[in-house]
Amino acid sequence: MFDKIDLRAYTPIMDNSQENTLDSQARQIAMNCACFKLRKASRAITQYYDAALEECGLKVTQLTLLVSLSIAGPVSVSTLAEELVMDRTTLTRNVDVLVKNGLAEVEQGKDKRVKLLKVTQSGRDILLKAFPLWEEAQNSLLARLGKQNWSELSKKLAAVTTLASIQ
């Protein structure tokens, strides 16, 4: 629907109604807004990986958190939120689900004000089940997209992340 929007030429002489102006502006956003397109792609790819991971009971959002915790080791909420470009509230809400399911745990840091997050053994076990499912989905996606296209897209996404993070 949004990829095939009929962009009509609009001039104030033709019609200066507020509704047509709003429609025209909405079409421009749908066709040109980087955020609109990236969020749409994000939702599509999330659904793709969620379906692939269904067998092990993880969502891709949970997989990315477990992978990040596995790599980082015990890590503070603030550090992980910064690394994943997430706000602390959203990260805490998502980590709480992992903790409730026994896949991650929260421990006190040396500074009692700091909470450290880490993967539990159950979290490691589910990662071992998830890796082959993720790998199959990843390879299938790369086969359709092409490794060169993925390499270029990956670099461009990293650049967008960096640019958008500079405020």
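The values are calculated or read from the model by the stated rules, or taken from the named source; none is laboratory data. From a predicted model like this one, the values you see are computed outputs, not experimental measurements. When we count neighbours, we look across all protein chains shown, and the Cβ atoms used for this are built from the backbone with ideal geometry, even at glycine.
Points to keep in mind about this one:
- Answer residue from the stretch 133-164, given it is among the small types (Gly, Ala, Ser) and in a helix (DSSP H, G or I) and is modelled with the lowest pLDDT among those: Ala164
- Selection count where residues are more than 21 Å from Leu145 (Cα to Cα) and assigned to a helix (DSSP H, G or I), scope the stretch 37-62: 5
- Scope the stretch 65-103; condition under 15 Å from Lys115 (Cα atoms), loosely packed, with under 12 Cβ neighbours inside 10 Å and within 18 Å of the chain's Cα centre (by Cα); matching residues: Thr89, Arg93
- Within the stretch 107-132, being of a type outside the set (Lys, Arg), surrounded by 15 or more Cβ atoms within 10 Å (Cβ to Cβ) and not in a loop (DSSP other than H, G, I, E, B) holds for Leu116, Leu117, Val119, Gly123, Ile126, Leu127, Ala130.
- Hey, Ala26 among the small types (Gly, Ala, Ser), modelled with pLDDT of 55 or more, surrounded by 10 or more Cβ atoms within 10 Å (Cβ to Cβ) and within 30 Å of Leu65 (Cα to Cα) or not: no
- Hits in the stretch 31-49 - residues which are under 20 Å from the mean Cα position of the chain (by Cα) and more than 21 Å from Trp134 (Cβ to Cβ): Cys33, Ala34, Cys35, Phe36, Lys37, Leu38, Arg39, Lys40
- Hits in the stretch 63-84 (condition: in contact with a helix residue (DSSP H, G or I) (Cβ under 9 Å, 6 or more places away or on another chain) and not in a helix (DSSP H, G or I)): Val75
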